[in-house]
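First the structure, in the form of structure tokens, and then the observations on it.
Coordinate-derived values only; no laboratory data. Predicted model, so just to flag it, every value in this text is computed and none were measured. Virtual Cβ from ideal backbone geometry, glycine too; neighbours counted across all protein chains shown.
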């Protein structure tokens, strides 16, 4: 009852911190069937594109081997040397398709979890050496489910293989006495039918398993309201989190400030060290307002945005320095700077054909 109550109280979505901790421990909502599906799909691509040409190049070598069996020394060294040569020829011909298959399997894993390595899974732990816990893990409910899934896959693939191979079984005498090239072509078509059938079935299995794995992972990761509150309290006391929050707030404030520059009436500059953007509306403002200000790189960005949007840029070093030191963003200009600012605003408004009301 307590476990059921505990599960029913987990009504909240997991926080990013809990998801990150789960990923560090190697826990992901993923299925191995995606990798298997990609490998079989890659095998079909190889079968249709590159394998026919590869096998065609291998046939003369294999024919030479079978036609000269009587000339091979039947001692251990002779047979071993010939087999080694045949294996080298086969590996040389198939190394690229094999590499392609391995790449498809790796993509199946990376596509679901990214380039994340769980060092906690790799690190040695004494608990893993405990035989009692190891035996208990073998007979756990999850292992039982995995075993049933594996048996079901084997059964389904076996049925598909039987359906694909049955026509060949009825005409097995057809393969007796045909040459190597014809045999490889027949096997090529048979393998294609077999892989296509398995791929179709595996599409359903992979889709169902991925849905189940995501559902199980989401259910496992859910949190109670109290867990979410405790995590937020813990995060608020973390200096790294506080620093990150301050940084995000600063970045958002800077973006809002830069977004206000195109609507300014004039930008007063140092000209290189300071820039202050001013806006004045006689209907709504008692005095001109500072909508953006910055030094060095920020000042350069303000001037750049102003020039791109046709906002006048005027050099007045004393006024730029004074306004930068005396005013904050969205504050009106102090009364001691009214005269200097009024001269700038009046000049700009005359250029634009606007009237200035006192």
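Tabulated data for the structure shown
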{"quantity": "Qualifying positions in the stretch 298-323 - within 10 Å of residue 270 (Cα to Cα) and under 45 Å from the mean Cα position of the chain (by Cα)", "calculated": "299"}
{"quantity": "Filter result (part of a helix (DSSP H, G or I) and surrounded by 15 or more Cβ atoms within 10 Å (Cβ to Cβ)) within the stretch 215-230", "calculated": "217, 221, 227, 228"}
